[in-house]
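Working notes, structure below.
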Amino acid sequence: MEMEYDVVALGELLIDFTEGGTSAQGNPVLEANPGGAPCNVLAMLSRLGRRTGFIGKVGADSFGDQLERALQEAGIGTEGLARDGKVHTTLAFVHTLPGGDRDFSFYRNPGADMMLSESDLNVGMLEHCRIFHFGSLSMTDETCRRATRKAIAVAKENGAVISFDPNLREPLWESLDAAREQIGYGLGQCDILKISDNEIQWFTGREDYDQGVAHLQEKYGIPLILLSLGREGSRAYMHGAKVQVAPFLQEHTIETTGAGDTFCACVLNYVLEHGFRAYSEKELEEMLTFANGAASLITTKKGALRVMPKKEEVEALAQSRR
C-alpha cells in the first residue's frame with residue numbers, strides 16, 4: 001500500500017550561499033544553506049504537521065548529502081530524491097541588497113536539478129497526493145521540463161489539486177520569451193496560483209494588479225489566485241471576490257528568503273484543512289492573515305528550510321491583530 005501524501009512538490013533543491021560577515025582577512029564569509037523554493041514550501045507544511053514528499057535531483061556529492069539530510073531533518077519524504085553521479089548539485093550565491101531584497105548568481109550549467117528525467121519520477125508519490133506543487137525552474141530545460149509535465153499529468157489524473165508558483169529567476173532562462181511560454185503552460189495547469197507583484201506585471205504587461213489578475217482568470221480559468229505584495233501584504237482572488245490583508249512588518253527583518261514559500265505553504269495548509277472549494281471573503285481573510293504572519297516571521301531568520309516558524313508562533317501573531 002502506497003503512503004498517502006498531503007503535498008508532493010517537484011523542482012529545485014540546491015545550496016544557497018548566503019553572506020555571513022567577513023573573515024579576519026577581510027574576505028566575505030559564506031554560509032551553505034539548504035535552499036530551493038519547492039522544499040521551503042514543504043518544510044513549512046511539515047512544520048504544520050502535514051505529510052510531505054519531494055521529487056527532484058541532486059549530485060552524488062557532499063552538497064547532495066547535506067541536502068538529503070536537511071530534508072530528512074525537516075520531515076520531508078526523500079523517496080523521490082534522485083542522485084546524479086555526473087552532474088554536481090546546483091549552487092546559488094545570494095547577495096542581500098539594502099532593504100532586504102536579494103540578487104542571485106547561479107552555478108547551474110548544468111546543475112543536477114536540471115537533469116531530473118521522466119524515468120527518475122517516483123510515480124507512486126504522484127498517484128497518492130492531495131496537492132501537487134511546482135514552480136518554473138524545473139521547466140528551464142528540456143529534460144526536466146518533460147519530467148515536470150509528466151508529473152503534472154499523473155497528479156491530475158489521480159485527482160490532486162495543482163498548485164503553481166512561477167518564482168521567476170531571470171538569469172536561468174535562455175530568454176524571457178522562453179520563460180513566458182513555460183510559465184504560461186504552468187498557468188494553464190493550476191488550480192491555485194501564487195504570484196508576486198512584479199511577476200504579474202511582467203507576465204501580463206498590466207501595471208494594475210486587478211487588471212492583471214482578471215487577465216489571468218479570463219485566459220486560464222484559475223480558481224484561486226494569491227498575489228504577494230511584499231510590504232503591502234497580500235491579496236486573494238476567487239470567484240469574483242477580492243480580499244487584501246495588511247502585512248505584519250517586523251522590526252528585526254534580516255532578509256526575505258523563503259517568505260513567499262512560507263506564505264504559499266500556509267495557503268496550501270488552509271486548503272488541506274478546509275477542502276478545495278469556493279471560500280467566503282471571511283475565509284480568504286483568515287487564510288491570508290495566517291499566511292502573512294508566517295511569512296513575516298521567516299524574514300527574521302537566516303535561511304528558510306531549517307528555520308520555519310511553529311504553528312503556535314504564527315497563531316499568536318495572527319491573534320494579535322484581532
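Here, each number is a calculation from the coordinates, and none is a lab measurement. Computed from a predicted model, the values in this text were never measured in an experiment. When we count neighbours, we look across all protein chains shown, and the Cβ atoms used for this are built from the backbone with ideal geometry, even at glycine.
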Among VAL87, VAL161, GLY56 - extreme Cα towards positive end, dipole of segment 51-163, charges at beta-carbon: VAL161
Rank PRO171, PRO223, PRO247 by mean-square fluctuation in a GNM of the chain with C-alpha springs under 10 angstrom and give only the top-ranked residue. PRO171
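Per 0.36 nm of contour for each residue apart, how much would the distance between GLU4 and THR143 grow if the chain were fully extended, relative to their Cα-Cα spacing? Can you show the working numbers first?
Numbers: separation 139, 0.36 × 139 = 50.04 nm, distance 2.73 nm.
Length gained between GLU4 and THR143: 47.3 nm.
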Which far-off residues, 5 or more places away or on another chain, put their amide H under 5 Å from the one on TYR107, with H placed in the peptide plane? LEU91, ALA92, PHE93
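Nearest 5 percent is fine: what portion of the DSSP beta bridges confined to segment 1-90 is antiparallel?
So the antiparallel bridges amount to about 40 percent of the total.
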Provide the net charge surrounding GLU218, with neighbours chosen by a C-beta distance below 13 Å and charges set as Lys +1, Arg +1, Asp -1, Glu -1. +1
Quick one: which residues, 5+ away or cross-chain, put their amide H under 5 Å from the amide H of ARG102? H built at 1.01 Å from N. LEU97
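Within the set of other residues whose C-beta is less than 14 Å from the C-beta of SER105, count the net charge using Lys and Arg as +1 and Asp and Glu as -1.
Working: positive: ARG102, ARG108, ARG169; negative: ASP16, GLU19, ASP103, GLU170.
Here the charged neighbours net out to -1.
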Taking P(r) over Cα pairs in 20 Å bins from 0, in percent as the quantity of interest, determine which of [x] 32, 57, 10, 0; [y] 34, 61, 5; [z] 28, 44, 21, 7, 0 was computed from the displayed structure. [y]
Going by a ≥ b ≥ c, the root eigenvalues of the Cα gyration tensor, does segment 1-151 fall in the rounded group (a/c under 1.5), the prolate group (a/b larger than b/c) or the oblate group? prolate
Long-range amide H partners of LYS57 with built H, under 5 Å: LEU13, ALA82
Dipole magnitude (debye, nearest 20) for segment 1-111, charges at Cβ of Lys, Arg, Asp, Glu: 60
When the charge dipole of the chain is computed with +1 on Lys and Arg Cβ and -1 on Asp and Glu Cβ about the Cα centre, the Cα farthest towards its positive end, among SER136, TYR185, ALA43, belongs to ALA43
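Below 8 Å between Cα atoms, with a sequence gap of 6+, how large is the relative contact order for segment 121-186 in percent? Please list the in-between numbers first.
On the way: 77 pairs, mean separation 26.7, N = 66.
Computed over segment 121-186, the figure is 40 percent.
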Check: segment 186-240 dipole with +1 on Lys, Arg Cβ and -1 on Asp, Glu Cβ, in debye: 120
Charges only on Cβ, +1 for Lys and Arg, -1 for Asp and Glu: so what's the dipole of segment 21-72 about the Cα centre, in debye to the nearest 20? 340
